[in-house]
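A short write-up of the structure that comes next.
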Amino acid sequence: MVTLKIALGRAIRRLRADRGFSQEGLALAAHINRTYATDLENGKRNVSLEILERVADALGINTGELLTAAEAERLLSVKERGRAR
């Protein structure tokens, strides 16, 4: 099963790309280090609520929408695994 960390990273990557941000552009807009942003997208970081809020704000959404996008990524992953069987 895809963890919430990985699903959140996938959601951030998708939303960032949809909005035309580079990783560096998102990092600047969210006031975080580019390496940290990369680690978030790769599911390698546990994100604090403060950082979650900053990333959501930079993406132009609220934190609830970002978490909903992450849950959608998890569900998509489960469905894709079911089709691969």
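Observations on the structure shown:
- Scanning the stretch 60-75 for residues that are assigned to a helix (DSSP H, G or I) and either more than 18 Å from I6 (Cβ to Cβ) or free of Cβ contacts under 8 Å to residues at least 24 places away in the same chain (or both) gives T63, G64, E65, T68, L75.
- Count of residues meeting criterion [closer than 21 Å to T3 by Cβ and not aliphatic (A, V, I, L, M)] in the stretch 24-49: 11
- Answer from R34, R16 - the residue that is in contact with an Asp or Glu (Cβ under 6 Å, 6 or more places away or on another chain) and either charged (D, E, K, R) or surrounded by fewer than 20 Cβ atoms within 10 Å (Cβ to Cβ) (or both): R34
- Residue check, A17 in contact with a helix residue (DSSP H, G or I) (Cβ under 6 Å, 6 or more places away or on another chain) and modelled with pLDDT of 95 or more: no
- Applying the condition of being in contact with a Lys or Arg (Cβ under 9 Å, 6 or more places away or on another chain) and loosely packed, with under 12 Cβ neighbours inside 10 Å to the stretch 38-62 and asking which residue is modelled with the highest pLDDT yields G60.
- Inside the stretch 3-21, residues that are in a loop (DSSP other than H, G, I, E, B) and within 19 Å of N62 (Cβ to Cβ) make up a count of 2.
- Contacts under 8 angstrom Cβ, first residue in the stretch 41-57 being more than 14 Å from R10 (Cβ to Cβ), partner in a loop (DSSP other than H, G, I, E, B), 6 or more apart: I51/I32; R54/H31; R54/I32; A56/N62
- Inclusion of E80 among residues that are at pLDDT 95 or above, in a helix (DSSP H, G or I), at negative phi and of a type outside the set (A, V, I, L, M) is not warranted.
- Flag if L52 is under 11 Å from the mean Cα position of the chain (by Cα) and under 21 Å from T3 (Cα atoms): yes
The values are calculated or read from the model by the stated rules, or taken from the named source; none is laboratory data. Predicted, not measured: the structure shown is a model, and the values here were computed from it. Positions of Cβ are generated from backbone atoms using ideal geometry, with glycine treated the same way; all protein chains shown enter the neighbour counts.
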